[in-house]
Every structure is written in structure tokens, then in C-alpha cells.
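The values are calculated or read from the model by the stated rules, or taken from the named source; none is laboratory data. Worth saying up front: this structure is predicted, and the values here are computed from it rather than measured. Here Cβ is always computed from backbone atoms with ideal geometry, including for glycine, and neighbour counts include all displayed protein chains. Note: areas computed on protein heavy atoms with side chains; ligands, DNA, RNA excluded. Shrake-Rupley method; radii C 1.70, N 1.55, O 1.52, S 1.80 Å.
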Amino acid sequence: MVSVPVSEALHRLSEDPRFWSFLFVNDGAYPDTDPAEVRVSLPVTGGYGLVLDIDLVTGEQTLGLRVPSSNDPVQLCSAEPGRPAPAALRWHELELCARVIALEDPTLPHPGLVVALLSPFAPATPDDDGDAVAAVREAAYRSLRREVHPVTSGGPEQAPLPLFASDDWWPRPPSPSPQVIDEAAIAAYTAPASVRLEVRGGSRFPREDLAELVRRAAQRLSRLPEERWYAQVRPLARRMADTGDLGPVKDLLGVLTEAGCDHPTVLDALSEPIVEAEACWMVETLAGAVPGSLRRRQP
């Protein structure tokens, strides 16, 4: 078992579309099975965190909860390949944890790897805004795309004889797609779960520990607007959250940069090109608003 920090997991897993197809379609063993198992540790706050163990041979995934009093994570659920993932998390719990994780690890975008990896374990319920959940999940998968530089030609250095000028003689190397996950895959991955498997009612489910994780994550997020660079932008962020107007995003970014804010995750969420879901989560965070409240105001 290899324990992979969040930033390395992002680099290792998110840049290969075969990995995501393996997780959600389970069309055979992942091509790179060295090591055969990967542990992705997602520290949240105060010694609490989430842990995802992935078997790259069978496709089995185990979601665990890390607590300060134990060295080993407490199992929340196990997902078998080809079957729906159990609903171990509520959507608001996942989104809250993902926000805190992204703030604590500046190498992560949000929505991003955390939402993409764990959203199957947090299907929307009738109490959730299905459109808002889908928008965040879509933004998460799109954030995994990367720029791929054009492949240089494999042709000859000088003009060949006419007999040897055909492309058959000078085949070009395959050009990789600039998208990690295409639109068809995003639509498939964000489709509502057809079956909902509940595990939270079981006697062994760690309800109290999970509730404490959520409480501490909410507390950590609520303190952010009072910190250093962020206190002075809270009034503007609050107005944006109350009115639903994302127009002043550039002004918000300007105030932060002039104040010396250099947090990559914060600045990226407010920078061009603006991704609505990412801008909303950051404005809500800086305003101290309820997560999802600004997103629900968008047309």
C-alpha cells in the first residue's frame, strides 16, 4: 500500500482519462498497476480527514474516516466495481470538506480532485438542489483538464524523394487529447445515481465521528473571513452573496491582490477565465455565506 499526498494524487490520477474510466465504468484493470493499491489521504482539519483506498486491479474502493484517536481510518463504506457507490456522505458534507481541503492545500483547485473522487459517495437527495449539485460536479471534472503541447512532426529533416514523401513513410506520433475527460464522459459521470445504497443506518457507522469532522470543517471555514487579507473584502463579498451578482469578481480580486493575498486557490477561483461554480464557492467563503447559497441565485 502506498500513501499518496493530495498534491501527488492530483498529478498522478487526474491527468489520465483511463483512470476515471476505470473508476466509473470499470472496463478492466487500470493499465498502470504498480503499485496495485493506492491510498489517497485527504486531511480536513484538527486531525480529522477522509481516506480513499483504491485497488487498481479489481476496482474496489474503500472510503474511510480518519480521527485523531486512531492511526487507522474507520471504514465508512466499500464500493464494489460495477455497482453504485454507497451513500456514505451527504452532499453538503462532501462540499464542505472539499472547500476546507482546497484552502489548506493550495495545490488543489475547487471544485476539483476531491469532488471528482468522492462525489459518487455523496449522491444528491430530494433535499438537495439537483441542478446546483450537477453544476459543481461538472465543474470538478472539467477542472481536471490540462494543456497538452502539440506533438512535433515526425517527418524528415529535409524534403525526401517523391517516392518516399508519403505519410506512410513518415507516420506522425499519436497526438494526445488536450482534455483529460471529454464532454460525453462528464455527462456520464455526473448523471444522477440510478440506485441509492444507504450505509449510514448501520450500527457500526461512525456517526458521531463524522458529525465532529463536519462540525470542525464548518468552524474552520467560518473563521476564514476574519483572517488577514480577507476581512477587508468581506463587505463586498457579502453584497455579492446577497444580490447574486458576480459582476464585481474582478474588484474582489483586485482588493485581494493589492492587499498582498498570494493564496493560489483563492486567486485562481476569482481569476479569468471565470468558472461560475468556482467563483461562487470562493465568494460564499469570503462572505461567510451558506455554501451553495450564491450558486442557487445564478440563472
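One line per residue, one yes/no per condition, for (1) over 23 Å from V114 (Cβ atoms); (2) touching a Gly at 6+ places or on another chain (Cβ under 7 Å); (3) open to solvent by 50 Å² or more (accessible area, probe 1.4 Å):
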site	(1), (2), (3)
D245	yes, no, yes
L252	yes, no, no
W281	no, no, no
A289	no, no, no
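Can you tell me which of A277, A211, A217 is within 29 Å of L89 (Cα to Cα) and touching a Pro at 6+ places or on another chain (Cβ under 8 Å)?
Just one listed residue meets the conditions, A277.
I'd like the residue in segment 180-208 that is touching an Asp or Glu at 6+ places or on another chain (Cβ under 7 Å) and in a loop (DSSP other than H, G, I, E, B) and, out of all such residues, is modelled with the highest pLDDT.
Here the answer is T190.
Please enumerate the residues belonging to segment 262-290 that are without any contact (Cβ under 8 Å) to a residue 40 or more places away in the chain and in a loop (DSSP other than H, G, I, E, B).
If the condition is that a residue be without any contact (Cβ under 8 Å) to a residue 40 or more places away in the chain and in a loop (DSSP other than H, G, I, E, B), then D262, S271, E272, P273, I274, V290 are the ones that fit.
Of the residues P299, P273, P264, which is closer than 25 Å to Q219 by Cβ and at pLDDT below 90?
P264
If the Cβ limit is 7 Å and pairs must be 6+ apart or interchain, which residue in segment 115-143 that is open to solvent by 40 Å² or more (accessible area, probe 1.4 Å) pairs with which residue that is outside any loop (DSSP other than H, G, I, E, B) and not hydrophobic (A, V, I, L, M, F, W, C)?
A124/G130; D129/R296
Could you check segment 56-80 and list, in sequence order, the residues that are surrounded by 17 or more Cβ atoms within 10 Å (Cβ to Cβ) and out of contact with any Cys (no Cβ under 8 Å at 6 or more places or on another chain)?
Residues satisfying the conditions are L56, G59, Q61, G64, L65, R66, V67, P73, Q75, L76, C77, A79.
Only residues that are in contact with a Pro (Cβ under 9 Å, 6 or more places away or on another chain) and charged (D, E, K, R): list them for segment 97-147, please.
Selection gives R99, E104, D105, R137, E138, R142, R145, R146, E147.
Does segment 233-240 contain any residue that is of a type in the set (G, A, S) and open to solvent by 20 Å² or more (accessible area, probe 1.4 Å)?
No, segment 233-240 contains no residue that is of a type in the set (G, A, S) and open to solvent by 20 Å² or more (accessible area, probe 1.4 Å).
Look at R66 and say whether it is modelled with pLDDT of 90 or more and more than 24 Å from A269 (Cα to Cα).
So R66 passes the test.
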